[in-house]
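No value in this document is a laboratory result; all are computed from the given coordinates. The structure displayed is predicted, hence computed values, not measured ones. Positions of Cβ are backbone-derived with ideal geometry, glycine not excepted, and every protein chain shown enters the neighbour counts.
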Amino acid sequence: MRVNSLAFRLIAGASLWSAIALVVAGVILTSLYRDTVERAFDERLSVYLKTLVGNLATQAPGQLGDPGNLGEQRFELIYSGWYWQIRQVNGPVLLASRSLSTDTLDIANATSRNSVDGVEQATMEGPDKQQLRVLQRTITFDVDHRYDVVIAGNASELREEIADFRTSVALTLAVFGIGLVASTAFQIRWGLRPLEKVRRGLAALRSGKEQGLDGPFPAEIEPLAKELNALMASNQQIIERARTHVGNLAHALKTPLSVITNEARSDQGGLSAKVCEQAEIMRMQINHHLDRARIAARSQVIGAVTEVEPVLARLVRAMRRIHEDRGLTIDLRTAPDARFRGEQQDLEEMVGNLVDNACKWAASKVAIEVAYIPAAGDIDGSLVIRVDDDGPGLTEAERLEATRRGKRLDESKPGSGLGLSIVTDLASLYEGAFEMDRSPLGGLRAEVRLPAA
């Protein structure tokens, strides 16, 4: 999945929102649980305090008896974290739970302290470095009998309980979040699957495997598919009309040129020879530019695909027959998956010109090689067609001159001089490239790069 894809953006957005929502929910749940647990803890301490005060109220002032463990065994265990204590106001400790042993509780050392309805609440450090939550209430029997009644509970138990709950909530929400993101990713990928179908359809259309986008598609994509199919049909009609107009123009111009040429040939003289010469040049230039216009129109046709090996095999057989008397060796090596994204006649014209040129100048051997370079990322696949010969070759200046329109370097060989310029124009129209270099065979190497299907 690419970073700039719709699926990544939707999944990333949903994941971020889910993470924020779950973190906020976890904080709220933990805060509510902490408030509930602390309130329950304080109420428990309050019950013990009331029990202890009620026990004192049943006794005679000055003759206080041990109230026992108040129904909680931890008041009997030394340093259990649960303590009670009765102290005379501004005086000594009169009674204390067995859990306190020889220690005492002094609320004056509390780190935080507040009073609610006559009961002081505080947090302090108790015996054995324990953090205690403390409730203290002053009981007055008469002027000489006033007592501070203290109940303390181990706050570390409270923190551990809250921490355990926080851990449980975090694990639960993490599992829920992972499941939520996974289900969201599945829904998004499933929902965007028709777009992948459109992409594959366009790729098949471009490679020539299909002639249109075949449905069915969801209601949101169906209009897009219909418009694309209509656009391709319209494009095909425009191309057909362009071909018709090109053909009509060719016939309209060739007839007057033929008349001029015939009239000039019927008259002997320098002027008639010059007219014939220029008329022939006009005919070649008209053919060249009309062919270029025709090729430019069809080079952008979607879905045109040509198998390379059959085209080149026919071409090689024809060249072997034409140059049979010279004993030329013509070797052909073609990649098995080589397919040209374009029309067959254009491939024949490009490679035909190159092979014909190589056969004319070769001493004894011509080698044709077709390599397929597969697509990589956003770069489309391509074909590299190399034609080598063992002829005299060309210098760098001559190679540059040879691609100019209608330029011939040697009049001893037949031809119009347009072959290599036609190859250059065709390769450019297909967004390819044409280059010439020194061949490993000693002559000229002509290399054309074209789009692969």
Quiz item: Quick one: what does P(r) look like for segment 24-116 with 5 Å bins over all Cα pairs, in whole %?
Solution: 2, 11, 16, 21, 19, 13, 7, 5, 3, 2, 1, 0
Quiz prompt | Rounded FRET efficiency, nearest 0.05, which uses the C-beta distance separating L171 from L64 and R0 of 45 Å | solution = 0.35
Practice problem: Among DSSP beta bridges lying fully in the chain, give the percent that are antiparallel, nearest 5. | Solution: 90
Self-check item: Nonlocal Lys pairs with alpha-carbon distance under 21 Å, the chain (8 or more apart, or different chains)
Solution: 8
Exercise. Could you point to the residue in L228, L253, S101 farthest towards the positive end of the chain's charge dipole, with +1 and -1 charges on the Cβ of Lys/Arg and Asp/Glu respectively?
Key: L253
Quiz item: Counting Lys and Arg as +1 and Asp and Glu as -1, each charge on the Cβ, what is the dipole of the chain about the Cα centre in debye, to the nearest 20?
Solution: 1520
Practice problem: Taking 7 Å along the Cα-to-C-beta vector as the label spot, tell me the E125-A12 distance in nanometres, rounded to one decimal. | Solution: 5.0
Quiz item: For segment 132-234, what does the equivalent ellipsoid look like in terms of its semi-axes, each the square root of 5 times an eigenvalue of the Cα gyration tensor, given largest first in whole Å?
Solution: 77, 14, 7
Quiz item: So what is the calculated 222 nm ellipticity per residue for the chain, using -39500 (n - 2.57) for each DSSP H run with n of 4 or more, over all residues, to the nearest 500 deg cm²/dmol?
Solution: -18000 deg cm²/dmol
Self-check item: Values of log10 I(q)/I(0), in the order q = 0.06, 0.11 Å⁻¹, for the chain under a Debye, Cα-only, solvent-free model
Solution: -0.56, -1.00
Quiz item: Taking the Cβ-Cβ separation of Y33 and S112 as r and a Förster radius of 22 Å, what is the calculated FRET efficiency to the nearest 0.05?
Solution: 0.55
